1. Rounded to whole Å and ordered largest first, report the semi-axes of the equivalent ellipsoid of segment B:46-108 derived from its Cα gyration tensor (root of 5λ).
2. Compactness ratio of segment A:1-64: Cα Rg over 2.2 N^0.38 Å, N = residue count?
3. To the nearest 10 degrees, how steeply does helix A:18-28 sit against the main Cα axis of chain A, on a 0 to 90 scale?
4. For the modelled label position 7 Å from the Cα of A:Val49 along Cα-to-Cβ, which residues of segment A:70-84 have backbone nitrogen atoms closer than 18 Å?
5. I need the semi-axes of the equivalent ellipsoid of the protein assembly as shown: take the C-alpha gyration tensor, multiply each eigenvalue by 5, square-root it, list largest first in whole angstrom.
6. Given a 1.4 angstrom probe, what's the average accessible area per residue across segment A:8-107, in square angstrom?
7. In debye to the nearest 20, how big a dipole does the protein assembly as shown give about its Cα centre with +1 on each Lys and Arg Cβ and -1 on each Asp and Glu Cβ?
8. Sequence neighbours fewer than 8 away in the same chain don't count; with that in mind, list the lysines whose C-alpha is under 24 Å from A:Lys29.
Number of protein chains: 2
Amino acid sequence: MLSPGPSLDLMFQALADPTRRLMLERLTKGPATVSQLAAPFSMSLPAVVQHLGVLEGSGLVRTEKIGRVRTCHIEPIAMRTAEDWIGERRTTWEKRLSALDAYLRRTE
Amino acid sequence: MLSPGPSLDLMFQALADPTRRLMLERLTKGPATVSQLAAPFSMSLPAVVQHLGVLEGSGLVRTEKIGRVRTCHIEPIAMRTAEDWIGERRTTWEKRLSALDAYLRRTE
DNA sequence: AGCATACTTAAGTAACCACTTAAGTATCAT
DNA sequence: ATGATACTTAAGTGGTTACTTAAGTATGCT
(Lines give C-alpha, C1' and ligand atoms only; values in the text may rest on other atoms or scores of the structure.)
Protein backbone atom coordinates (compact mmCIF):
# COMPACT_ATOMS: atom_id res chain seq x y z
CA MET A 1 0.00 0.00 0.00
CA LEU A 2 1.12 3.52 -0.80
CA SER A 3 -0.57 6.91 -0.51
CA PRO A 4 -4.09 7.05 0.90
CA GLY A 5 -5.25 9.49 -1.79
CA PRO A 6 -8.30 11.74 -1.55
CA SER A 7 -10.25 8.57 -0.75
CA LEU A 8 -10.62 7.11 -4.18
CA ASP A 9 -9.76 4.01 -2.17
CA LEU A 10 -12.92 4.26 -0.13
CA MET A 11 -15.13 5.17 -3.07
CA PHE A 12 -14.04 2.31 -5.29
CA GLN A 13 -14.06 -0.08 -2.35
CA ALA A 14 -17.65 1.00 -1.67
CA LEU A 15 -18.59 0.48 -5.31
CA ALA A 16 -16.99 -2.97 -5.41
CA ASP A 17 -19.85 -4.67 -3.58
CA PRO A 18 -23.07 -5.57 -5.44
CA THR A 19 -25.24 -4.99 -2.37
CA ARG A 20 -23.88 -1.49 -2.03
CA ARG A 21 -24.32 -0.79 -5.74
CA LEU A 22 -27.97 -1.90 -5.46
CA MET A 23 -28.41 0.39 -2.49
CA LEU A 24 -26.91 3.23 -4.50
CA GLU A 25 -29.20 2.36 -7.37
CA ARG A 26 -32.19 2.52 -5.05
CA LEU A 27 -31.08 5.94 -3.82
CA THR A 28 -30.90 7.10 -7.41
CA LYS A 29 -34.69 7.02 -7.40
CA GLY A 30 -34.85 9.29 -4.37
CA PRO A 31 -33.99 9.40 -0.66
CA ALA A 32 -34.81 6.43 1.53
CA THR A 33 -34.84 5.50 5.20
CA VAL A 34 -32.60 2.72 6.51
CA SER A 35 -35.55 0.32 6.71
CA GLN A 36 -36.67 1.11 3.17
CA LEU A 37 -33.12 0.60 1.98
CA ALA A 38 -32.90 -2.72 3.81
CA ALA A 39 -36.26 -4.10 2.65
CA PRO A 40 -35.16 -5.68 -0.68
CA PHE A 41 -32.32 -7.60 0.96
CA SER A 42 -32.47 -10.88 2.78
CA MET A 43 -29.63 -10.00 5.12
CA SER A 44 -29.95 -8.69 8.68
CA LEU A 45 -30.50 -5.01 9.39
CA PRO A 46 -27.10 -4.57 11.06
CA ALA A 47 -25.49 -5.93 7.91
CA VAL A 48 -27.30 -3.37 5.80
CA VAL A 49 -26.34 -0.60 8.20
CA GLN A 50 -22.72 -1.69 7.92
CA HIS A 51 -22.91 -1.42 4.14
CA LEU A 52 -24.51 1.97 4.54
CA GLY A 53 -21.63 2.93 6.79
CA VAL A 54 -19.16 2.04 4.05
CA LEU A 55 -21.12 4.12 1.53
CA GLU A 56 -21.28 7.04 3.91
CA GLY A 57 -17.61 6.71 4.83
CA SER A 58 -16.73 6.93 1.16
CA GLY A 59 -18.69 10.13 0.74
CA LEU A 60 -20.97 8.62 -1.91
CA VAL A 61 -23.98 8.80 0.39
CA ARG A 62 -25.06 11.27 3.03
CA THR A 63 -27.48 10.46 5.86
CA GLU A 64 -29.36 12.47 8.43
CA LYS A 65 -31.27 11.26 11.44
CA ILE A 66 -34.50 12.97 12.43
CA GLY A 67 -36.32 11.53 15.38
CA ARG A 68 -35.76 7.81 15.15
CA VAL A 69 -35.59 7.75 11.36
CA ARG A 70 -32.36 8.00 9.39
CA THR A 71 -32.76 9.20 5.82
CA CYS A 72 -30.16 8.57 3.11
CA HIS A 73 -29.40 10.20 -0.23
CA ILE A 74 -26.75 10.15 -2.92
CA GLU A 75 -23.90 12.65 -3.05
CA PRO A 76 -23.39 13.28 -6.77
CA ILE A 77 -20.17 15.25 -6.30
CA ALA A 78 -18.36 12.26 -4.83
CA MET A 79 -19.72 10.05 -7.60
CA ARG A 80 -18.20 12.46 -10.08
CA THR A 81 -14.78 12.23 -8.42
CA ALA A 82 -14.64 8.49 -8.98
CA GLU A 83 -16.04 8.80 -12.47
CA ASP A 84 -13.53 11.47 -13.45
CA TRP A 85 -10.55 9.48 -12.27
CA ILE A 86 -11.43 6.63 -14.59
CA GLY A 87 -12.42 8.93 -17.42
CA GLU A 88 -9.16 10.84 -17.44
CA ARG A 89 -7.06 7.70 -17.64
CA ARG A 90 -9.25 6.09 -20.23
CA THR A 91 -9.22 9.08 -22.58
CA THR A 92 -5.46 9.52 -22.22
CA TRP A 93 -5.00 5.96 -23.38
CA GLU A 94 -7.55 6.30 -26.17
CA LYS A 95 -5.72 9.39 -27.46
CA ARG A 96 -2.48 7.42 -27.47
CA LEU A 97 -4.14 4.63 -29.40
CA SER A 98 -5.61 6.88 -32.06
CA ALA A 99 -2.33 8.76 -32.39
CA LEU A 100 -0.57 5.44 -32.97
CA ASP A 101 -3.25 4.46 -35.40
CA ALA A 102 -2.81 7.70 -37.35
CA TYR A 103 0.93 7.22 -37.37
CA LEU A 104 0.64 3.71 -38.72
CA ARG A 105 -1.72 4.89 -41.42
CA ARG A 106 0.68 7.67 -42.39
CA THR A 107 3.68 5.37 -42.72
CA GLU A 108 1.53 2.82 -44.56
CA MET B 1 -24.00 -10.50 -1.46
CA LEU B 2 -26.38 -10.78 -4.38
CA SER B 3 -25.87 -11.06 -8.16
CA PRO B 4 -22.31 -11.29 -9.50
CA GLY B 5 -23.01 -8.79 -12.31
CA PRO B 6 -20.89 -8.42 -15.44
CA SER B 7 -17.90 -8.02 -13.13
CA LEU B 8 -18.31 -4.47 -12.02
CA ASP B 9 -17.33 -6.13 -8.75
CA LEU B 10 -13.93 -7.07 -10.06
CA MET B 11 -13.32 -3.74 -11.79
CA PHE B 12 -14.14 -1.59 -8.81
CA GLN B 13 -12.32 -3.95 -6.50
CA ALA B 14 -9.27 -3.59 -8.76
CA LEU B 15 -9.58 0.19 -8.72
CA ALA B 16 -9.90 0.30 -4.93
CA ASP B 17 -6.18 -0.23 -4.32
CA PRO B 18 -3.73 2.69 -4.67
CA THR B 19 -0.93 0.45 -5.90
CA ARG B 20 -3.13 -0.86 -8.68
CA ARG B 21 -4.29 2.64 -9.59
CA LEU B 22 -0.66 3.73 -9.86
CA MET B 23 0.07 0.75 -12.06
CA LEU B 24 -2.87 1.71 -14.23
CA GLU B 25 -1.61 5.27 -14.33
CA ARG B 26 1.77 4.04 -15.46
CA LEU B 27 0.14 2.00 -18.22
CA THR B 28 -1.69 5.12 -19.36
CA LYS B 29 1.68 6.35 -20.63
CA GLY B 30 2.15 3.21 -22.71
CA PRO B 31 2.70 -0.54 -22.40
CA ALA B 32 5.17 -1.85 -19.84
CA THR B 33 6.81 -5.12 -18.88
CA VAL B 34 6.21 -6.63 -15.46
CA SER B 35 9.63 -5.49 -14.26
CA GLN B 36 9.08 -1.96 -15.49
CA LEU B 37 5.72 -1.91 -13.79
CA ALA B 38 7.26 -3.19 -10.56
CA ALA B 39 10.24 -0.80 -10.53
CA PRO B 40 8.58 2.19 -8.75
CA PHE B 41 7.30 0.05 -5.90
CA SER B 42 9.15 -1.12 -2.85
CA MET B 43 7.22 -4.35 -2.58
CA SER B 44 8.34 -7.77 -3.79
CA LEU B 45 7.89 -8.84 -7.40
CA PRO B 46 5.36 -11.56 -6.54
CA ALA B 47 3.25 -8.92 -4.80
CA VAL B 48 3.27 -6.76 -7.91
CA VAL B 49 2.39 -9.74 -10.06
CA GLN B 50 -0.54 -10.48 -7.77
CA HIS B 51 -1.80 -6.93 -8.21
CA LEU B 52 -1.36 -7.32 -11.93
CA GLY B 53 -3.40 -10.51 -11.72
CA VAL B 54 -6.24 -8.60 -10.11
CA LEU B 55 -6.09 -5.94 -12.81
CA GLU B 56 -6.04 -8.56 -15.52
CA GLY B 57 -8.82 -10.55 -13.88
CA SER B 58 -10.98 -7.45 -13.88
CA GLY B 59 -10.42 -6.91 -17.59
CA LEU B 60 -8.89 -3.47 -17.06
CA VAL B 61 -5.50 -4.68 -18.22
CA ARG B 62 -4.41 -7.16 -20.84
CA THR B 63 -1.02 -8.89 -20.87
CA GLU B 64 0.91 -10.98 -23.33
CA LYS B 65 4.06 -12.99 -22.80
CA ILE B 66 6.68 -13.12 -25.51
CA GLY B 67 9.80 -15.08 -24.71
CA ARG B 68 10.44 -14.46 -21.05
CA VAL B 69 8.92 -10.97 -21.05
CA ARG B 70 5.31 -10.23 -20.20
CA THR B 71 4.00 -6.95 -21.59
CA CYS B 72 0.96 -5.17 -20.14
CA HIS B 73 -1.41 -2.58 -21.49
CA ILE B 74 -4.70 -0.89 -20.57
CA GLU B 75 -8.04 -2.09 -21.90
CA PRO B 76 -10.02 1.13 -22.42
CA ILE B 77 -13.31 -0.65 -23.10
CA ALA B 78 -13.40 -2.14 -19.61
CA MET B 79 -12.50 1.23 -18.12
CA ARG B 80 -15.49 2.68 -19.88
CA THR B 81 -17.83 0.05 -18.41
CA ALA B 82 -16.93 1.10 -14.88
CA GLU B 83 -17.04 4.76 -15.77
CA ASP B 84 -20.46 4.46 -17.41
CA TRP B 85 -22.02 2.69 -14.45
CA ILE B 86 -21.14 5.58 -12.17
CA GLY B 87 -22.04 8.20 -14.77
CA GLU B 88 -25.51 6.87 -15.38
CA ARG B 89 -26.43 6.85 -11.71
CA ARG B 90 -24.90 10.24 -11.08
CA THR B 91 -26.74 11.95 -13.93
CA THR B 92 -30.05 10.35 -12.97
CA TRP B 93 -29.71 11.82 -9.52
CA GLU B 94 -28.58 15.20 -10.83
CA LYS B 95 -31.63 15.33 -13.10
CA ARG B 96 -33.84 14.59 -10.12
CA LEU B 97 -32.18 17.35 -8.17
CA SER B 98 -32.58 19.97 -10.87
CA ALA B 99 -36.20 18.91 -11.46
CA LEU B 100 -36.87 19.37 -7.77
CA ASP B 101 -35.09 22.68 -7.89
CA ALA B 102 -37.23 23.85 -10.81
CA TYR B 103 -40.38 22.70 -9.03
CA LEU B 104 -39.48 24.60 -5.89
CA ARG B 105 -38.80 27.71 -7.92
CA ARG B 106 -42.16 27.40 -9.69
CA THR B 107 -44.15 27.04 -6.49
CA GLU B 108 -42.19 29.88 -4.94
C1' DA C 1 -47.33 4.55 31.30
C1' DG C 2 -46.73 0.77 28.12
C1' DC C 3 -45.76 -1.01 23.66
C1' DA C 4 -44.08 -0.85 19.01
C1' DT C 5 -40.89 1.07 15.80
C1' DA C 6 -36.42 2.30 14.03
C1' DC C 7 -32.42 1.82 14.43
C1' DT C 8 -27.69 0.97 17.31
C1' DT C 9 -24.04 -1.53 19.79
C1' DA C 10 -21.36 -5.40 20.69
C1' DA C 11 -19.17 -9.50 19.94
C1' DG C 12 -18.02 -13.39 17.29
C1' DT C 13 -16.71 -16.01 12.90
C1' DA C 14 -15.43 -17.65 8.31
C1' DA C 15 -13.51 -16.08 4.11
C1' DC C 16 -10.66 -12.97 1.76
C1' DC C 17 -6.66 -9.71 0.81
C1' DA C 18 -2.11 -7.79 0.61
C1' DC C 19 1.71 -8.89 1.42
C1' DT C 20 6.16 -12.02 2.55
C1' DT C 21 10.12 -15.45 1.66
C1' DA C 22 11.95 -19.33 -0.64
C1' DA C 23 12.45 -22.06 -4.39
C1' DG C 24 11.50 -23.09 -9.27
C1' DT C 25 11.21 -22.67 -14.57
C1' DA C 26 11.93 -20.76 -19.04
C1' DT C 27 14.49 -17.79 -22.08
C1' DC C 28 18.45 -15.23 -23.75
C1' DA C 29 23.43 -14.03 -24.07
C1' DT C 30 28.23 -15.52 -24.34
C1' DA D 1 27.04 -25.32 -21.53
C1' DT D 2 26.79 -21.58 -17.93
C1' DG D 3 25.05 -17.79 -15.96
C1' DA D 4 21.95 -14.09 -15.76
C1' DT D 5 17.37 -12.34 -16.53
C1' DA D 6 12.36 -12.35 -16.17
C1' DC D 7 9.18 -13.93 -14.30
C1' DT D 8 6.30 -18.06 -11.75
C1' DT D 9 4.73 -21.15 -8.04
C1' DA D 10 3.92 -22.30 -3.45
C1' DA D 11 3.06 -21.67 1.16
C1' DG D 12 2.35 -18.92 5.07
C1' DT D 13 0.76 -14.74 8.00
C1' DG D 14 -1.55 -10.78 9.87
C1' DG D 15 -5.21 -7.68 8.99
C1' DT D 16 -9.76 -6.69 6.91
C1' DT D 17 -14.47 -7.64 5.30
C1' DA D 18 -19.14 -9.36 5.23
C1' DC D 19 -21.84 -11.22 7.57
C1' DT D 20 -24.36 -13.33 12.05
C1' DT D 21 -27.13 -13.21 16.61
C1' DA D 22 -28.32 -11.06 20.85
C1' DA D 23 -29.20 -7.29 23.45
C1' DG D 24 -29.75 -2.24 23.95
C1' DT D 25 -31.44 2.75 23.27
C1' DA D 26 -34.29 6.39 21.64
C1' DT D 27 -38.68 7.98 19.76
C1' DG D 28 -43.50 8.02 18.73
C1' DC D 29 -48.26 6.26 19.45
C1' DT D 30 -52.35 5.41 22.29
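1. In descending order, the three semi-axes are 46, 10, 6 Å.
2. Scaled against compact globular proteins, the figure is 1.14.
3. So the inclination is approximately 80 degrees.
4. Answer for this model: A:70-73.
5. Computed over the protein assembly as shown, the values are 37, 21, 14 Å.
6. The answer is 53 Å² per residue.
7. Computed about the Cα centre, the dipole is about 80 debye.
8. Within the straight-line limit of under 24 Å, A:Lys29 reaches these lysines: A:Lys65, B:Lys95.
The values are calculated or read from the model by the stated rules, or taken from the named source; none is laboratory data. Note that the structure is a prediction, hence the values are computed from the model and not measured. Positions of Cβ are backbone-derived with ideal geometry, glycine not excepted, and every protein chain shown enters the neighbour counts. Just so you know, the surface numbers come from the protein's heavy atoms only, side chains and all, with ligands and any DNA or RNA stripped out. Shrake-Rupley method; radii C 1.70, N 1.55, O 1.52, S 1.80 Å.
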